[in-house]
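**Student:** Got a structure for you, questions after.
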Amino acid sequence: MSAFSEAALEKKLSELSNSQQSVQTLSLWLIHHRKHSRTIVSVWINELKKAPLSRKLTFLYLANDVIQNSKKKGPEFTQDFAPVIVEAFKHVNRDGEEGCKKQLGRVLSIWQERAVYENILLDQLSQTAELIRALQELENAASGDSVLRQRISSLPAEVHDTSLLHSITDKESGERLSRLVEDACMLLADYSGRLAAEIDDRRQLTRTLTVFLQSQKDGLTQNEQKLEVHGSELAVSHEAVAKEYKRKLARVTQVRKELRSRLNNLP
């Protein structure tokens, strides 16, 4: 076995590939030098953050192999990886693609089955993954769909104002407006449904945040209160938006109803 140094470790990590042989070879070298476990973990987390997206998951495979195969020789790696492993999961889960996140879930399942870490730490890893997934989904939420909101705000006044129906004096113009009203109804009904689903997602996120924050150290109590308030404010804000679009849908629906009645009475 070659001698240990930070420079040697950095070089080996830069050459690490996703093959099982590469991971196991470096894992054996690290376990052989386990008396340097703190330095190894420190270099590992720093190099993980600097690694290209395509290689980040490999670093976690390496950590998994080291943690599991070093247990018989001592608890050094299990203990020294514990303070940074949640941060590492957050980093890889945040930047990784969907396939990467599934592999993270697989690693976590193995650790749960084999009781590699205490339940408190494993719960933090699970909650972290769930929070990141929920936050990423909300990036594409209905309330942020500026294109659709612009379409709705650009709808002609006739589709949501029954007082303008008196301008319909012939069947052709009435049918033209009828098509516009039908399209507006479908558009607003779909958007209202998306907003309602988003409210549920944000409420679930608030609950998840609460559970996650309660599992943290006592020193995070102040941050917990701030995040809970922020989550509640988000839910209230989006409820107001949803109600507004429900009102618009109701007005358009009323126009459709009265327009149909007017069309039936036209010659």
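The values are calculated or read from the model by the stated rules, or taken from the named source; none is laboratory data. All figures in this text were calculated on a predicted structure; none of them were measured in a lab. Here Cβ is always computed from backbone atoms with ideal geometry, including for glycine, and neighbour counts include all displayed protein chains. Heads up: the accessible areas ignore ligands, DNA and RNA and are worked out on the full protein's heavy atoms, side chains in. Shrake-Rupley method; radii C 1.70, N 1.55, O 1.52, S 1.80 Å.
**Student:** Can you confirm whether region 37-56 contains a residue that is touching a Ser or Thr at 6+ places or on another chain (Cβ under 9 Å) and over 21 Å from residue 103 (Cα atoms)?
**Tutor:** Yes, the conditions are met somewhere in region 37-56.
**Student:** Select from region 236-267 the residues that are in a helix (DSSP H, G or I), of a type in the set (A, V, I, L, M) and at pLDDT 65 or above and list them in ascending order.
**Tutor:** Residues satisfying the conditions are 240, 241, 242, 249, 250, 252, 255, 259, 263.
**Student:** Is region 159-172 home to any residue that is modelled with pLDDT under 80, under 41 Å from the mean Cα position of the chain (by Cα), part of a helix (DSSP H, G or I) and surrounded by 15 or more Cβ atoms within 10 Å (Cβ to Cβ)?
**Tutor:** Among the residues of region 159-172, at least one is modelled with pLDDT under 80, under 41 Å from the mean Cα position of the chain (by Cα), part of a helix (DSSP H, G or I) and surrounded by 15 or more Cβ atoms within 10 Å (Cβ to Cβ), which makes the answer yes.
**Student:** Another one. Taking the conditions exactly as written (in contact (Cβ under 8 Å) with a residue 24 or more places away in the chain and open to solvent by 10 Å² or more (accessible area, probe 1.4 Å)), does residue 49 satisfy them or not?
**Tutor:** It is true that residue 49 is in contact (Cβ under 8 Å) with a residue 24 or more places away in the chain and open to solvent by 10 Å² or more (accessible area, probe 1.4 Å).
**Student:** If I go through region 52-70 residue by residue, how many of them are open to solvent by 60 Å² or more (accessible area, probe 1.4 Å) and either without any contact (Cβ under 8 Å) to a residue 24 or more places away in the chain or in contact with an Asp or Glu (Cβ under 9 Å, 6 or more places away or on another chain) (or both)?
**Tutor:** Looking only at that region, the number is 3.
**Student:** Run residue 199 past the list (1) at pLDDT below 65; (2) out of contact with any Leu (no Cβ under 8 Å at 6 or more places or on another chain) and report the number of the one that doesn't hold.
**Tutor:** (1)
**Student:** Which of the residues spanning region 54-95 are of a type in the set (A, V, I, L, M) and more than 18 Å from residue 19 (Cβ to Cβ)?
**Tutor:** Passing the criteria: 67, 82, 84, 85, 86, 88, 92.
**Student:** Looking at region 142-174, which of its residues are under 14 Å from residue 255 (Cα atoms) and of a type outside the set (A, V, I, L, M, F, W, C)?
**Tutor:** 156, 158, 160, 161, 162, 163, 166, 167, 174
**Student:** Name the residues in region 1-27 that are under 16 Å from residue 43 (Cα atoms), touching a residue at least 24 places away in the same chain (Cβ under 8 Å), small (Gly, Ala, Ser) and in a loop (DSSP other than H, G, I, E, B), would you?
**Tutor:** none
**Student:** Within region 38-85, restricting attention to residues that are among the small types (Gly, Ala, Ser) and closer than 20 Å to residue 15 by Cα, which residue is modelled with the lowest pLDDT?
**Tutor:** Among them, the one singled out is 54.
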